[in-house]
1. Does region 134-166 hold any residues that are out of contact with any strand residue (DSSP E or B) (no Cβ under 9 Å at 6 or more places or on another chain) and either within 21 Å of S34 (Cβ to Cβ) or part of a helix (DSSP H, G or I) (or both), and which are they?
2. Take G122 and tell me if it is under 18 Å from the mean Cα position of the chain (by Cα), modelled with pLDDT of 95 or more, more than 21 Å from W168 (Cα to Cα) and loosely packed, with under 14 Cβ neighbours inside 10 Å.
3. Quick check: anything in region 42-57 hydroxyl-bearing (S, T, Y) and more than 22 Å from K174 (Cβ to Cβ)?
4. Could we say that F70 is more than 29 Å from E11 (Cα to Cα), touching a Gly at 6+ places or on another chain (Cβ under 7 Å) and surrounded by fewer than 20 Cβ atoms within 10 Å (Cβ to Cβ) here?
5. Does V128 count as under 18 Å from F54 (Cβ atoms) and in contact with a Ser or Thr (Cβ under 8 Å, 6 or more places away or on another chain)?
6. Within region 38-55, can you find the residues that are free of Cβ contacts under 8 Å to residues at least 60 places away in the same chain and either part of a helix (DSSP H, G or I) or surrounded by 15 or more Cβ atoms within 10 Å (Cβ to Cβ) (or both)?
7. Looking at region 84-114, which of its residues are open to solvent by 70 Å² or more (accessible area, probe 1.4 Å) and of a type in the set (K, R)?
8. With respect to the numbered conditions (1) closer than 15 Å to I155 by Cα; (2) out of contact with any strand residue (DSSP E or B) (no Cβ under 6 Å at 6 or more places or on another chain), which one is the sole condition not fulfilled by L72?
Amino acid sequence: MDVLAVPQTREEGWYLSLMAPNTKGPKFAWLDPSRLYCNSQALSDCVKDLLKPFQNETIDLVAGIDAMGFILGSAVAKTLRKGFLAIRKAGHLCVQTRTRDYSDYSGREKLMEVRVDVLKPGLRVLIVDQWIETGGTMRAAIKLVENQGATVVGIAAVAIENSEGGKWLKENYKYSHCIPNELQSQIDSQYLESFKNFSG
């Protein structure tokens, strides 16, 4: 499917077939979800789907996780007409921050940070990332928000894999993702049938 094309009938999660498979080997994530962002209708439908579970929630601020969560998080914030807070990899912010260590999907130990002059008790925050594999990155972001007294309304990502960490997040926080039930097993096995038709 042409990355910019929009089907006449947009079925649930139609835009997931735009995601690209990994062609660079095991040091990289198993797919590239960001290809769907190139299609304006796909991005719009993805954001709309992510927000469905939160229609009746009060959200004061959207936080996005460095780096790909910035794209999706900003789109969510714009749709909600709310501000956007960047949760960054440590060492990039030139202001006072709080930090939290975590292990990413590859098992590498890292550190993330958030500024200290925005989050406060009573603030209700939706945290957005592009993809949740092991859940380590999202859990660290949650701690950074909660440790400053703010409330995590929920979490959102294109997909949440049913890893141990992914299941923990689903059990403990309100969440949204874009994966229809019939595709969850493909997500968990880290291979999409749509890859067979992928032409790049």
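1. E164
2. No; evaluated as a whole, the condition is false for this residue.
3. yes
4. no
5. no
6. C38, N39, S40, Q41, A42, L43, S44, D45, V47, K48 - these are the residues of region 38-55 that are free of Cβ contacts under 8 Å to residues at least 60 places away in the same chain and either part of a helix (DSSP H, G or I) or surrounded by 15 or more Cβ atoms within 10 Å (Cβ to Cβ) (or both).
7. Scanning region 84-114 gives K89, R98, R100, R108.
8. Going through the list (1) closer than 15 Å to I155 by Cα; (2) out of contact with any strand residue (DSSP E or B) (no Cβ under 6 Å at 6 or more places or on another chain), L72 breaks only (2).
The values are calculated or read from the model by the stated rules, or taken from the named source; none is laboratory data. The shown structure was predicted, so the numbers you read here are calculated from the model rather than taken from an experiment. A quick note on method: Cβ atoms are made from the backbone with ideal geometry, for glycine too, and the neighbour counts reach across all protein chains shown. Surface areas here come from the heavy atoms of the whole protein model, side chains and all, with no ligands, DNA or RNA. Shrake-Rupley method; radii C 1.70, N 1.55, O 1.52, S 1.80 Å.
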